[in-house]
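Quick notes on the structure that follows.
The values are calculated or read from the model by the stated rules, or taken from the named source; none is laboratory data. Fair warning: this is a prediction, and the values are worked out from it, not measured in the lab. Every residue, glycine among them, receives a Cβ derived from its backbone with ideal geometry; neighbour counts consider all protein chains shown. The protein model used for the area step is the full one, side chains on, heavy atoms only, and it has no ligands, DNA or RNA in it. Shrake-Rupley method; radii C 1.70, N 1.55, O 1.52, S 1.80 Å.
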Amino acid sequence: MRNDPLLSIKGLRVEFPTQDGPLVAVNNVDLDVARGEVLGIVGESGSGKTVLGLSAMGLIDRPGRLTAGQVVFDGQDVTKYSESGWRNIRGNRIAMIFQDPTTSLNPVQQIGAQMIEALQSHRDISRDNARQIIRNAMVRVGINSPDERLNAYPHQFSGGMRQRVVIAIALLNEPDLIIADEPTTALDVTIQAQILRDMRRLSRDTRTSLVWVTHDLGVVAQIAQRVAVMYAGRIVENGPTEKILKSPCHPYTEGLIASMPANALPGERLHSIPGGLPQLSKLPAGCSFAPRCNYAASACNMSPKLIQISSDHAVRCVSPLDGGS
Amino acid sequence: MFAFILRRTIQSVIVLFVMSLLVFCMINLVGDPVDMLVNPESLPDEIERVRRDFGLDQPVYSQYWHFLKGALSGDLGKSYVFGRPALALMAERFPATLELAFCALIIAVTIGLPLGIYAGLRPDGFATRIMMGMSVLGISIPTFWLGLMMIILFSVILGWLPVSGRGDIGVFLGIESSIFTMDGLRHLIMPATNLALFKIAMVMRLARAGTSEVMAQDFIRFARAQGLPRKRIIKSHLLPNILIPIVTVIGIEFGTLIAFATVTESIFSWPGLGKLVIDAIINLDRPVVVAYLLFVVALFLTLNLIVDIIYAALDPRVRLQGDDT
Amino acid sequence: MNAKDTRAAVSSPLAALSKCANALWSRPSVSISGLFVLLIAALAVLAPLVAPTNPYDLATVSILDGRLPPGQKMLDGTVALLGTDGAGRDVLSAILWGLRTSLIVAISSATIALTVGLTVGLAAAFYGGRLDAFLMRIVDIQLSFPAILVALVLLALLGKGIDKVIIALAIVQWAVYARTIRAAAMVERRKEYFEAATCLELSNGRIIWKHLLPNSVSSLIVLATLQTAHSITIEATLSFLGVGVPITEPSLGSLISNGFDFILSGAYWITFFPGIMLLATVAAINIFGDQLRTIINPRLSR
């Protein structure tokens, strides 16, 4: 068992040019994912969490581009990779699952053919062997009678079933890391719970690292060992799930926890954080959360640095909350 | 579905009937075909005899009644010029036109599809900008003039290709066509390219629009995240998804090709339907003109009907009802 | 100035036109292609003055000048810059006169088609119901046939002559105008001010003139531009086929057709130069129309 992180993102910055100047979707992000670890990335839509996930796959589409930082995967800086270098990693060592299972599969190609393609693009393998691996992968994600399913088209599956197929495709080449971008958001709650349970088990059994991108802290609580909270392109808090849920140090994390439905009493109105995300191309000077923050003070006009609260817990705030009090 | 087809078929038959009435009545207003039928120095009673023989002394409504009775039994009258049944003349000439239109279609797709896909994949590329700039020029070029320029260049100056006619005809699998002989191909290439010219731009535009639409879809991103090679993504994910609409439109456009063949056939003296009808118009050969018009109207009505049925069948709501398992 | 601003403020079609024009001239790409179109129009109008010879004056045209290549001197001493045709006419002069015929045909047919289409489209949108359904069904049927075919049919039925070509092209085009105008008017009909105007019991004519028309003007201008380019090509094609404008008063298409007989003998200039003029005219109008469309509806440009 090696101790160096599997994925290590250092000082990453991703920009999209717009008419009002560059939009910084990911701003100076540092993040490590250990081998076998499940990491949750939490944030509102537009906080940059999806772009962060895509940049680890080299899938940032033009005109967006990495303007600073490194993505080190298994000891190699992959940002320097050529398209063919990336292709060897994508789907093979890092797999990605997207939010909407209804649009992730090619509508005019049979499921089996799509899976064989995913396998054969990384291994020289016979059709029969490929079919055996596909059957195993499908059973592992809870699809019964896989043989009948292989000749079906995506529209013949339910949403939950389609996402299982997508996950099976991600598992095919036994990747070291799976990045899942809100994979259960489009599904109903019971199926979401099943898939979460299955994924947690899979990650434990195969020692696969998992990065779970979501806007839902409740999902993170069920699956992740560690959480990174993103706000306006930056990571504002980073630490073990239990610590953060119990005693958040950043006012934004506190707000997120307070607005979880599970934390509301029956009949009580759900808490919500006032205001909305600032425009990423026109960030306020200083702390970008300050305009919405209950604790904002004059010191918040300075850009806050990431402060190490303990060895495994960091926060980006000039006056961190002292542990949930 | 059945009621829809029935309603549209009845509608088409009514349109066809109205068109035949209109065409028949109006064509009687132009010129006197007897002038074409007899020697200019003929005596008046000779002229009268011819007039009687062709039924031209009857009032228009009785001529139409006569025509309609004939038409229902497959007799559209005799050509004044050739003295043979118009329908037989058309049946003789139709294969040549069909061959020309078919080859033009193939040329348009082989050139237009790759160019359109390229433009869709690289919307900001240098070559794309040149292509799009050229396409305004392309739709402005009068195709008949370009045909003449082709003759000047390839036949007069370079002497590579024959100027006119259909060339030798070969037989393969019971089909007679000039595709099967070298001489036939040499005769075919210029007219087919000329006829294809204005369809190339259309196929290109369709392919470009389809490509930029499909490439933005999630399943393409998912395929890239699986590490599929670019060629593979284009072949099995992009192509099948853009081909459905392109094939449908090409189906509708086939009728237009046959209509436009009149021009191309006149330039290259291609012995097809178009040449026949242009000569007939100039020579006031009424039966042939009427027969051609009714044929083309029927062709278009049928093509439109088929396309409407296909659209109804491709409508996801209709498809889901019949297809879901 | 964007199209939205132009829409909200105007109250009559004329005001809308002048607002459009102002917005357009501020864009160089439009003014350049617009100037080019104007230049071509001026050449056509002034053909009798600018053309070196009068190609239809039988007294000056001599068969002895036939098929002179470009740059040769004719009998009367004039240099035939673009050569002469089979009958000894100066090709450059014939082109300028031909351009005149082509534009006359295109513009008169466009005017007729626009008037008919405007009436039908507004009537369909304004009265709705069965009249609308009936008119639009006719439009649909006609538009399902290619324009060149409809024109060919009509000329087969009507016979030859400039007037016949104009009528045929007007019949070919009215349906496109009718459909566009109806669509634009339907959009306006659903807006609130329209209801208000109806409640105020303004006369129908007033509602149409003051409210429906100003808001359809911009899309009509674009359509008319592109349609004119299209109908110039159709007329040329018909004349080339020998069913359009008669050879006695040739358009660009008939000139090309006339030169067709000489291409095998190598006298390329008789077809080549009229074709270039045709191409330049149609391309200039198309590019101008394209630019107009980009400005009036920026979303369509991609």
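If you take all C-alpha pairs in segment A:102-172, what percent of them are over 17 Å apart? Write down the numbers at each step before the final one.
Working: 804 of 2485 pairs.
Here the tail beyond 17 Å accounts for 32 percent of pairs.
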Q. If you project the alpha carbons of segment B:1-159 onto the principal axes, what extent comes out on each, in Å, largest first?
A. 74, 57, 26
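If you place +1 on the Cβ of every Lys and Arg and -1 on the Cβ of every Asp and Glu, how big does the dipole about the Cα centre of the protein assembly as shown come out, in debye to the nearest 20? Write out the running numbers ahead of the final one.
Values: 81 positive and 73 negative charges, 488 e Å.
Computed charge dipole of the protein assembly as shown: roughly 2340 debye.
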Q: For segment B:93-208, would you read off the P(r) tail past 19 Å as a percentage of all alpha carbon pairs?
A: 54
Q | Accessible area in the full protein assembly, largest first, 1.4 Å probe, for B:Leu21, A:Leu52, C:Leu38 | A | C:Leu38, B:Leu21, A:Leu52
(Q) Roughly how far apart, in whole Å, are the Cα centres of segment A:208-265 and segment A:1-68? (A) 17
Q. Amide H to amide H, which residues 5 or more places from A:Ile178 or on other chains are under 5 Å from it, using H placed in the peptide plane?
A. A:Ala95, A:Ser209, A:Leu210, A:Val211
Q: Jot down the per residue volume, in cubic angstrom and as a whole number, of the convex hull over the alpha-carbon atoms of chain A.
A: 151
Q. What are the ³J(HN,Hα) values, in whole Hz, obtained from phi via the Karplus relation 6.51 cos²θ - 1.76 cosθ + 1.60 with θ = phi - 60°, for each residue of segment B:220-232 in sequence order, with x given for Gly and Pro?
A. 5, 5, 5, 4, 5, 5, 7, x, 5, x, 4, 4, 5
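Which chymotrypsin sites (Phe, Trp or Tyr not before Pro) from segment B:142-233 combine a DSSP loop assignment with at most 13 other Cβ atoms within 10 Å? Each step should come with its number before you reach the end.
Numbers: sites: B:Phe144, B:Trp145, B:Phe154, B:Trp160, B:Phe172, B:Phe180, B:Phe198, B:Phe219, B:Phe222; in loops: B:Trp160.
For chymotrypsin sites (Phe, Trp or Tyr not before Pro) across segment B:142-233 that sit outside H, G, I, E and B with at most 13 neighbouring Cβ atoms in 10 Å, the list reads B:Trp160.
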Q | Using θ = phi - 60° and Karplus 6.51 cos²θ - 1.76 cosθ + 1.60, couplings along segment A:20-37 (whole Hz; Gly, Pro as x) | A | 8, x, x, 9, 8, 7, 10, 10, 6, 9, 10, 7, 10, 10, 7, 5, x, 8
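Let me confirm one metric for peptide B:130-142, namely the mean number of other chain beta-carbon atoms within 10 Å of its residues' beta-carbons.
On the way: counts 0, 0, 0, 1, 0, 0, 5, 5, 1, 8, 14, 6, 13.
If you average over the peptide's residues, the count of other-chain Cβ atoms is 4.
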Q. Applying the Karplus parametrisation 6.51 cos²θ - 1.76 cosθ + 1.60 with θ = phi - 60° to the phi angles of segment A:273-282, what ³J(HN,Hα) value in whole Hz is obtained for each residue in order, glycine and proline being reported as x?
A. 6, x, x, x, 4, x, 5, 5, 8, 10
Q) How much accessible area does B:Asp124 have with a 1.4 Å probe, in Å² rounded to the nearest 10? A) 100
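So what's the back-of-envelope 222 nm ellipticity for chain A, counting only DSSP H runs of four-plus at -39500 (n - 2.57) apiece and dividing by all residues, rounded to 500?
Numbers: 10 runs with 94 residues, N = 325.
The per-residue figure over chain A is -8500 deg cm²/dmol.
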Q: Just report the Cα centroid separation between segment A:100-144 and segment B:217-239, whole Å.
A: 14
Q.
Please list the three semi-axes, largest first and in whole Å, of the ellipsoid equivalent to chain B, using sqrt of 5 times the eigenvalues of its alpha carbon gyration tensor.
A. 45, 28, 16
Q. Taking the Cα centre of segment A:102-172 as the origin, how large is its charge dipole in debye, to the nearest 20, when only Lys and Arg (+1) and Asp and Glu (-1) carry charge on their Cβ atoms?
A. 160
(Q) Could you sort B:Phe24, B:Phe268, C:Phe134 by their accessible area in this structure, using a 1.4 Å probe and putting the largest first? (A) C:Phe134, B:Phe24, B:Phe268
Q. For segment B:171-296, which whole percent of the accessible surface, found with a 1.4 angstrom probe, sits on carbon and sulfur atoms?
A. 66
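Across the residues of B:256-262, average count of Cβ atoms on other protein chains within 10 Å?
Mean partner shielding for this stretch: 4.
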Q.
Can you bin every Cα-Cα distance in the protein assembly as shown into 20 Å intervals starting at zero and give me the percent of pairs per bin, rounded to whole numbers?
A. 11, 32, 31, 19, 6, 1, 0
Q) Out of residues 5 or more away from C:Gln72 or on other chains, whose amide H comes under 5 Å of its own, with H placed 1.01 Å from N in the peptide plane? A) C:Ala80, C:Gly83
